[in-house]
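Working notes, beginning with the structure itself.
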């Protein structure tokens, strides 16, 4: 048991009290991915369902980017558990307002979107707080395994959460699912408040800055390059989410694709903790390159069984990226700056997949679904090659570059 890289994480005196709360909250999040859209459809007048779903989805994500920028002056330097706890409490209160308003018969699209937007305002800071907490309590060599545990909980929730949400929606409606999600966030907020020893805020030294996270990233070529590659990687994945439903022949076939991807992602997530001895920069570049290659059979019109296998392989390759890239940020930024840096990264990442899906619509309309998938695969592979060339070029300069 002690040979497992995950054992020191799950048995850590602080994390073993926090992880159950994160697991329950992740399950609530997994259920809400279905409920938020379904409730928007119920609130929409005939023929407006797509627009209402798009507005609700945007409200549930995009304010996190705004909060990362506007609230930096007040939240920078605060302990990870405090940031994550405040995010959980805000989500609990705002989301609880949705079923209460629905039960009172006053829930319209305006109030619904307002409550969703309020719930997501601290989302970037909450995610930054989780990973900052890991950096605060775990030694450097255990960061990757700690990140992998958090991401595994999220991946598992995306598999288990939607079926549970469907059962609850069939019984009482989507507002009940959001009520359950609010309760899980309240539990998580209490966990951070009472299970983590109190730490004082650590304002970074130097002149206050409105966006110290963005400034720190811009000043560090390693972090800037990593963020640029991650941005491109996620934007190029966005068209896949548009093209794949158009390409497949049935709902069952689409479900098979995403089931294969999810199984691969869980397997890849389990393997991530064992990559601690690998060099992280080459690993991230290899993931990008390999993911692009795994998409190519879909764009080349491969038979169904090959396409399903390659999409499952894509999930396997995809899974380590969030944990490995986060570990690079944890190793490159000081503990004082880490929350601001991770929140800045989170703000940028919130925009990536929406940008990719927005581009996917015109691409599918102009070129077709299969050609769009091919463009995404070739583009992602090319991004990995470009990143490798840039890193190798930089390392051929005088040996002052990163190890």
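What the table below lists for this structure:
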item: Complete set of residues in the range 119-167 that are modelled with pLDDT under 90 and out of contact with any helix residue (DSSP H, G or I) (no Cβ under 8 Å at 6 or more places or on another chain); result: 141, 163, 167
item: All positions within the range 55-70 that are surrounded by fewer than 20 Cβ atoms within 10 Å (Cβ to Cβ) and not in a helix (DSSP H, G or I); result: 61, 62
item: Some residue of the range 367-382 being surrounded by 21 or more Cβ atoms within 10 Å (Cβ to Cβ), farther than 23 Å from residue 304 by Cα and at pLDDT below 95; result: no
item: Odd one out for residue 79 among (1) surrounded by 22 or more Cβ atoms within 10 Å (Cβ to Cβ); (2) touching a helix residue (DSSP H, G or I) at 6+ places or on another chain (Cβ under 6 Å); result: (2)
item: Per-region count, the range 168-214, residues modelled with pLDDT of 85 or more and either surrounded by 16 or more Cβ atoms within 10 Å (Cβ to Cβ) or touching a helix residue (DSSP H, G or I) at 6+ places or on another chain (Cβ under 8 Å) (or both); result: 23
item: Considering residues of the range 308-333 that are touching a residue at least 24 places away in the same chain (Cβ under 8 Å) and more than 22 Å from the chain's Cα centre (by Cα) only, the residue surrounded by the fewest Cβ atoms within 10 Å (Cβ to Cβ); result: 309
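The values are calculated or read from the model by the stated rules, or taken from the named source; none is laboratory data. The shown structure was predicted, so the numbers you read here are calculated from the model rather than taken from an experiment. Virtual Cβ from ideal backbone geometry, glycine too; neighbours counted across all protein chains shown.
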